[in-house]
Every structure is written in C-alpha cells, then in structure tokens.
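Report on the following structure.
The values are calculated or read from the model by the stated rules, or taken from the named source; none is laboratory data. Owing to the predicted nature of the structure, the values given are computational and were not obtained by experimental measurement. Reconstructed Cβ throughout: ideal geometry from the backbone, glycine too, with neighbour counts over all protein chains shown.
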Amino acid sequence: MKIFEWYKIMSPRIELEIHSIAFDEPNLKLYVTMSQIFSIWLVPFHVAPVTLTTVLDLTTDSDVDYRENSQVNGEKTLYYITKQEDLYQVSEFVKFVIPHFGHFLVVVFNLFATLFCVLGTLVFYPITWLEEKRYIPDKVLKGGNLAYDMELKVPEIQGS
C-alpha cells in the first residue's frame with residue numbers, strides 16, 4: 001500500500017485510457033492494456049505518455065481483504081486484487097528514467113541489436129545448415145545447448 005501512496009505523491013494526477021481488457025477466468029488473471037500520462041510534480045516540463053499492460057492476480061477469497069463475503073445480491077462474484085504487475089516496454093520505461101532523449105537511446109540500441117543478429121546469422125549460418133541437414137547429431141547440441149541438456153530444466157517451467 002505504501003508503494004501506491006508514494007506513486008500518488010510523485011504524480012498526484014494521472015490521466016489514463018484503457019485500450020483492452022482480457023480475463024483469464026481459470027487462472028483468475030486480468031490483463032489490462034492502457035495508456036497513461038505520468039507527470040512528476042517536482043520536475044517541471046516533464047510529461048511521460050506511456051503505454052503498458054497491467055496484470056492483476058485476482059481472488060474471490062474475502063479473507064484476503066478482510067471483507068465479510070464475496071457475493072453481492074447472491075448473484076455477482078466479487079474479485080479482489082492480490083497482486084499487480086505493471087509491464088512496460090523498454091521504450092516506454094525509459095521515458096521515466098531518461099526523459100526527452102531516452103527513446104532515441106532505445107532506438108539506437110535496437111538498431112545495434114538488429115545489426116548484431118543479422119551479422120550473427122551470416123557468420124553462424126553454416127552451423128544451422130549442418131544441423132538442418134542432420135550432419136550435426138542431436139547429441140552434440142544436447143537439446144539446444146553445447147554444455148547443458150535443456151530437457152533437465154523443462155519441469156521448472158511446466159505448471160507455473
């Protein structure tokens with residue numbers, strides 16, 4: 001709760017517009033894509049319009065919020081927020097950290113990363129070709145990695 005209070009102190013007025021909402025009922029998750037205008041009152045002339053996706057973990061358990069029950073009129077189920085994650089793209093987050101020219105730095109970094117990927121593809125294409133033609137057996141790459149069998153990590157991501 002203190003995080004929310006600090007957020008309100010930094011930017012007492014936030015304008016926002018919701019673009020889309022998706023409810024994952026089996027997993028009790030709500031996904032909200034929105035745009036907001038964030039302005040820190042102490043920093044003059046700094047206004048950051050950003051787009052983000054917020055993921056809300058929900059519960060119908062009234063004990064989490066110390067309320068009496070999770071029913072209204074016996075028909076509607078009330079959902080309570082147990083966790084909130086705000087997911088910003090790097091190009092949006094940098095607007096908070098490096099105002100005005102931060103977006104330019106992200107564009108330069110993305111161009112560098114693209115160039116690196118293109119050059120890496122050209123340099124290592126022979127390995128891809130050998131693997132596709134089955135000249136490199138599966139045992140050499142051990143499931144996609146020279147040093148570690150990735151299949152050993154699969155249980156860590158299943159069911160999460």
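What the table shows:
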{"item": "In segment 1-44, residue farthest from the chain's Cα centre (by Cα) [restricted to those that are among the β-branched types (Val, Ile, Thr) and under 16 Å from ASP57 (Cβ atoms)]", "result": "ILE3"}
{"item": "The listed residue being at pLDDT below 90, outside any loop (DSSP other than H, G, I, E, B) and out of contact with any Cys (no Cβ under 9 Å at 6 or more places or on another chain), out of ASP86, ASP63, ASP57", "result": "ASP63"}
{"item": "Members of segment 126-160 found to be at pLDDT below 75 and outside any helix (DSSP H, G or I), listed by number", "result": "PRO137, LYS142, GLY143, GLY144, ASN145, LEU146, ALA147, TYR148, ASP149, GLY159, SER160"}
{"item": "Any hit, segment 68-80, residues being assigned to a strand (DSSP E or B), modelled with pLDDT of 80 or more, assigned by TED's automatic domain parsing to the domain that holds MET10 and within 28 Å of PRO12 (Cα to Cα)", "result": "yes"}
